[in-house]
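Chemist: For reference, the structure I am asking about is given below.
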Amino acid sequence: MSFVYQIGNNIISPLGFSTYENYNAIKEGKTSLTKYDKSALNLTEDFCASIIDKNELEVQLKAANIQNIDNTFDKLIILSAHKAVQQANINPSSKDVLFILSTTKGNITAIDNTNKNCTDTSQAYLWRSANILCKHFENSNQPIVISNACISGVSAIVIAKRLLIAKKFKYVIIVGADLSSRFIVSGFQSFKALSDEPCKPFDKDRKGLNSGEAATTIILSITDNKDELKDKIIIEGGAITNDANHISGPSRTGEGLVKAINKIKESVSNFNPDFINAHGTATPYNDEMEAIAFGRTDLNRVYTNSLKGYFGHTMGAAGVIETVLCGEALIDNTLIKCLGFENLGTSVDINVIDKTVNHKSGLKQCLKTASGFGGCNAAVLISKMI
């Protein structure tokens with residue numbers, strides 16, 4: 001039997017430039033969500049978001065001796081991958097290594113005609129950023145770009161597992177990233193889907209989501225030797241579905257997410273999650289849909305959280321950053337509270353974590369879910385090997 005497992009990771013967000021910094025920040029209940037004046041992104045309304053300190057980014061790049069990168073998006077994905085590769089101690093230029101870039105909008109600021117710093121619109125192409133990432137690490141394999149709305153990150157993990165099981169590669173480096181650009185924030189403002197204050201996933205007073213910036217890398221490998229896996233995070237199974245409900249609205253019955261969860265149940269014999277990390281955007285429709293899906297799959301009493309209250313919705317990075325942090329929580333035997341949640345606001349009674357606590361009997365398994373525009377849904381089951 002082959003096992004797909006994590007050998008390295010890195011998280012860059014406003015809460016820190018390492019996984020260690022980010023995990024400890026959320027464990028302490030810190031949030032990077034901040035209110036900004038509309039002038040910060042040349043918008044018509046003020047907004048609340050989580051934005052990376054670009055001066056600190058330059059300091060980190062200099063320390064890593066990463067130079068001559070054109071734009072912020074490419075700098076972030078290269079720096080995050082660099083830190084994760086150092087941890088995993090692999091040769092990123094090897095033919096055995098595949099890069100996957102997960103993003104919804106990439107460097108879309110390159111086509112923003114209000115941004116005087118952007119003069120080369122070709123920098124907006126997602127394939128261009130993926131190629132620059134590979135070129136930096138001298139990897140000659142054709143990278144894969146996954147841009148499937150907000151399930152991009154979880155989809156990337158599912159696809160990486162399939163490629164590793166098929167013995168196409170020995171290592172897959174997944175880099176998820178997105179920026180809080182004027183395009184993204186104004187787009188959600190036009191949908192009336194943004195909250196002007198820190199979001200409140202699953203709460204009765206939730207008003208919508210906050211945009212967030214992050215770049216996160218997870219490196220996966222494969223082995224047939226179970227003895228190598230003690231205290232490692234393995235990818236048990238995953239599924240991607242689409243309910244074709246609406247271009248921007250989730251299914252009112254949770255149809256696609258129910259199918260994704262049931263596919264994992266059918267394929268993983270030891271399915272028994274200790275907690276669920278939901279998509280939990282804090283929009284009325286998303287959170288209600290997820291609660292219904294958890295009820296229909298008999299998971300509504302399983303501990304559930306959302307991490308959006310710590311750094312907002314990081315789009316193409318969300319599935320990657322949240323999977324990495326759930327792995328850290330499993331290793332640390334800690335249930336992380338759903339920041340912003342106070343009183344349940346869904347029609348199905350789900351078990352939302354309202355306090356960060358150490359789980360005395362230990363945690364072993366987490367179900368990570370994601371949903372996005374176009375009716376897409378994805379889920380992945382991760383376990384801690386003991």
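The values are calculated or read from the model by the stated rules, or taken from the named source; none is laboratory data. This is a predicted model, so every value here is computed, not measured. Note: ideal-geometry Cβ built from the backbone for every residue, glycine included; neighbour counts use all protein chains shown. Calculation scope for accessible area: heavy atoms of the full protein, side chains included, ligands and nucleic acids excluded. Shrake-Rupley method; radii C 1.70, N 1.55, O 1.52, S 1.80 Å.
Chemist: Look through A88, A63 and report the one residue that is out of contact with any His (no Cβ under 7 Å at 6 or more places or on another chain) and crowded, with 19+ Cβ neighbours inside 10 Å. Full working, then the answer.
Modeler: Details: A63 fails: crowded, with 19+ Cβ neighbours inside 10 Å.
Matching residue, one of A88, A63: A88.
Chemist: If I ask for residues that are open to solvent by 30 Å² or more (accessible area, probe 1.4 Å) and farther than 19 Å from S18 by Cβ, which ones from segment 299-338 would you list?
Modeler: N300, R301, Y303, N333, K337
Chemist: A further question follows. Please verify whether segment 121-133 includes one or more residues that are more than 19 Å from the chain's Cα centre (by Cα), part of a loop (DSSP other than H, G, I, E, B) and not charged (D, E, K, R).
Modeler: Checked against the condition, which is being more than 19 Å from the chain's Cα centre (by Cα), part of a loop (DSSP other than H, G, I, E, B) and not charged (D, E, K, R), segment 121-133 yields at least one hit.
Chemist: Return the total of residues in segment 86-122 being of a type outside the set (D, E, K, R) and over 18 Å from M315 (Cβ atoms). Walk me through it before giving the result.
Modeler: Within segment 86-122, the subset of a type outside the set (D, E, K, R) is 86-94, 97-104, 106-111, 113-115, 117-119, 121-122.
Checking the rest, the ones that are also over 18 Å from M315 (Cβ atoms) come to 86-94, 97-99, 113-115, 117-119, 121-122.
So the count comes out to 20.
Chemist: Of all residues in segment 91-115, which are over 23 Å from the mean Cα position of the chain (by Cα) and in a loop (DSSP other than H, G, I, E, B)?
Modeler: N91, S93, S94, K95, D96, D112, N113, T114, N115
Chemist: So which residues in segment 25-43 are open to solvent by 50 Å² or more (accessible area, probe 1.4 Å) and on the phi < 0 side of the Ramachandran plot, if there are any at all?
Modeler: K27, E28, K30, T31, T34, K35, Y36, D37, K38, S39, A40
Chemist: Please go through segment 181-224 and pick out each residue that is of a type in the set (G, A, S), touching a strand residue (DSSP E or B) at 6+ places or on another chain (Cβ under 8 Å) and not in a strand (DSSP E or B).
Modeler: Our first condition is that a residue be of a type in the set (G, A, S); within segment 181-224, this holds for 181, 186-187, 190, 193, 195, 208, 211-212, 214-215, 221.
Then drop every residue that is not touching a strand residue (DSSP E or B) at 6+ places or on another chain (Cβ under 8 Å), which leaves 193, 195, 208, 211-212, 214-215, 221.
Result: A193, S195, G208.
Chemist: For C118, which of the numbered conditions (1) out of contact with any Asp or Glu (no Cβ under 6 Å at 6 or more places or on another chain); (2) under 22 Å from E322 (Cβ atoms); (3) assigned to a loop (DSSP other than H, G, I, E, B) fails to hold?
Modeler: It is condition (2) that C118 fails.
Chemist: Could you check, for segment 229-236, whether at least one of its residues is of a type outside the set (S, T, Y) and touching a helix residue (DSSP H, G or I) at 6+ places or on another chain (Cβ under 6 Å)?
Modeler: In the first step, residues of segment 229-236 are kept if they are of a type outside the set (S, T, Y); the result is 229-236.
Of the ones still in play, those that are also touching a helix residue (DSSP H, G or I) at 6+ places or on another chain (Cβ under 6 Å) are 233, 235.
Yes, some residue in segment 229-236 is of a type outside the set (S, T, Y) and touching a helix residue (DSSP H, G or I) at 6+ places or on another chain (Cβ under 6 Å).
Chemist: Here is a further query. Limited to segment 354-364, what total is found for residues that are among the small types (G, A, S) and not in a loop (DSSP other than H, G, I, E, B)?
Modeler: Keep residues of segment 354-364 that are among the small types (G, A, S), which gives 361-362.
With the extra rule that they be not in a loop (DSSP other than H, G, I, E, B), the set shrinks to none.
Counting residues in segment 354-364 that are among the small types (G, A, S) and not in a loop (DSSP other than H, G, I, E, B) gives 0.
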